[in-house]
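Report on the structure given below.
The values are calculated or read from the model by the stated rules, or taken from the named source; none is laboratory data. These figures come from a predicted structure and were not determined experimentally. When we count neighbours, we look across all protein chains shown, and the Cβ atoms used for this are built from the backbone with ideal geometry, even at glycine.
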Amino acid sequence: MGEIYDATADQGFRGFAWLDSGARSFYTKDKAIRKPEDLKGLKIRTMDSQMAIDMMSALGGSATAMGYGDIYTAIQQGVIDGAENNVTALRDHADVAKVYSYDMHTMIPDIVVISQKVWDEMSDNQKEVFLSTAKDMSSNYKQAWKEFEDQVINDVSSKGVEFVTDVDIPAFQEAVKPIYEKLQKDDPESYAVVEKIQAAQ
């Protein structure tokens with residue numbers, strides 16, 4: 001991770017810790033998503049990100065980019081069939097989305113950053129203490145996030161949400177391979193970073 005944390009130093013900031021934000025999966029009004037083919041014909045809300053849109057196309061669904069605050073009404077009115085997010089989104093959408101399928105297609109960690117100027121002014125001892133504390137924070141937050149997710153699941157289960165776990169994850173991984181191949185061709189430098197991240201898992 002050090003190389004990634006250092007990558008933005010010339011822009012005035014650097015990372016020093018990452019926080020677990022859970023895995024993003026699909027949730028819909030009433031349809032389980034066990035394999036990519038189940039997304040065919042479905043309109044799924046994604047973030048306004050080209051990578052997210054390309055992912056939906058590769059999986060066979062139709063990406064609809066919109067703000068998070070519009071999802072509830074859009075599902076309720078049939079503008080979209082579902083969305084993709086970590087399970088905590090059900091706090092807001094369990095009344096209209098009744099099936100959450102654990103395909104875990106994306107994980108987006110939160111990176112905690114610090115001013116490069118402040119970092120440069122620290123002594124070596126201060127940096128050591130800072131990084132040690134950050135490591136503990138990452139570990140503690142991971143446990144806190146799991147407890148948060150468990151609480152949400154417990155809360156929304158009473159609303160009739162079905163949690164689907166028999167998902168063909170390798171089929172989803174296979175379906176998005178063309179995205180990696182395109183990145184390798186178009187941006188070898190970024191692809192090299194992706195390979196390092198995959199190797200660290």
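How many residues are within 20 Å of the chain's Cα centre (by Cα) and surrounded by 15 or more Cβ atoms within 10 Å (Cβ to Cβ) when one looks only at the stretch 154-167?
The qualifying residues number 3.
Select from the stretch 13-38 the residues that are farther than 25 Å from Y72 by Cβ and among the basic types (K, R) and write down the one among them that is modelled with the highest pLDDT.
Going residue by residue through the stretch 13-38, those that are farther than 25 Å from Y72 by Cβ are 13-20, 35-37.
Imposing the further condition that a residue be among the basic types (K, R) reduces the set to 14, 35.
Details: R14: 93, K35: 97.
Residue satisfying both the conditions and the ranking: K35.
Out of G69, G61, G2, I need the residue that is among the small types (G, A, S), without any contact (Cβ under 8 Å) to a residue 40 or more places away in the chain and within 19 Å of I179 (Cα to Cα). Which one?
G61
Would a scan of the stretch 81-89 turn up a residue that is in a helix (DSSP H, G or I) and either over 30 Å from Y180 (Cα atoms) or polar (S, T, N, Q) (or both)?
Within the stretch 81-89, the subset in a helix (DSSP H, G or I) is 87-89.
Going one step further and asking which of them are either over 30 Å from Y180 (Cα atoms) or polar (S, T, N, Q) (or both), we end up with 88.
Checked the stretch 81-89: at least one residue is in a helix (DSSP H, G or I) and either over 30 Å from Y180 (Cα atoms) or polar (S, T, N, Q) (or both).
Filter the stretch 58-90 for residues that are surrounded by fewer than 15 Cβ atoms within 10 Å (Cβ to Cβ) and either under 17 Å from the mean Cα position of the chain (by Cα) or on the phi > 0 side of the Ramachandran plot (or both) and give the result.
Passing the criteria: A65, G67, Y68, G78.
Without any contact (Cβ under 8 Å) to a residue 60 or more places away in the chain and of a type in the set (A, V, I, L, M, F, W, C): does that describe A171?
no
Can you tell me which residue among I71, I44 is under 16 Å from M104 (Cα atoms) and either in a strand (DSSP E or B) or modelled with pLDDT of 95 or more (or both)?
Unique residue meeting the criteria: I44.
Test K146 against the stated conditions and say whether it is within 23 Å of D10 (Cα to Cα) and not acidic (D, E).
no
Being modelled with pLDDT under 90 and either under 21 Å from the mean Cα position of the chain (by Cα) or surrounded by 14 or more Cβ atoms within 10 Å (Cβ to Cβ) (or both) narrows it down to one residue among E181, E195; which is it?
The match here is E195.
Which numbered condition trips up Y141, out of (1) surrounded by 14 or more Cβ atoms within 10 Å (Cβ to Cβ); (2) out of contact with any Asp or Glu (no Cβ under 7 Å at 6 or more places or on another chain); (3) modelled with pLDDT under 95?
All conditions are met except number (2).
Please list, ordered by first then second residue, the pairs with beta carbon atoms under 7 Å, 6 or more apart or interchain, first in the stretch 174-201 and within 16 Å of Q50 (Cα to Cα), second charged (D, E, K, R).
I179/D54
Can you tell me which residue within the stretch 94-115, out of those that are within 18 Å of L19 (Cα to Cα) and of a type in the set (A, V, I, L, M), is surrounded by the fewest Cβ atoms within 10 Å (Cβ to Cβ)?
The qualifying residue surrounded by the fewest Cβ atoms within 10 Å (Cβ to Cβ) is M107.
List the number of the failed condition for I153; all other conditions in (1) within 21 Å of M51 (Cα to Cα); (2) at pLDDT 90 or above hold.
Evaluating I153 over (1) within 21 Å of M51 (Cα to Cα); (2) at pLDDT 90 or above leaves (1) as the failure.
Please work out which residue is farthest from S158 (Cα to Cα), limiting yourself to the stretch 91-109 and to residues that are more than 15 Å from the chain's Cα centre (by Cα) and small (G, A, S).
Step by step, filter the stretch 91-109, then rank; the result is A97.
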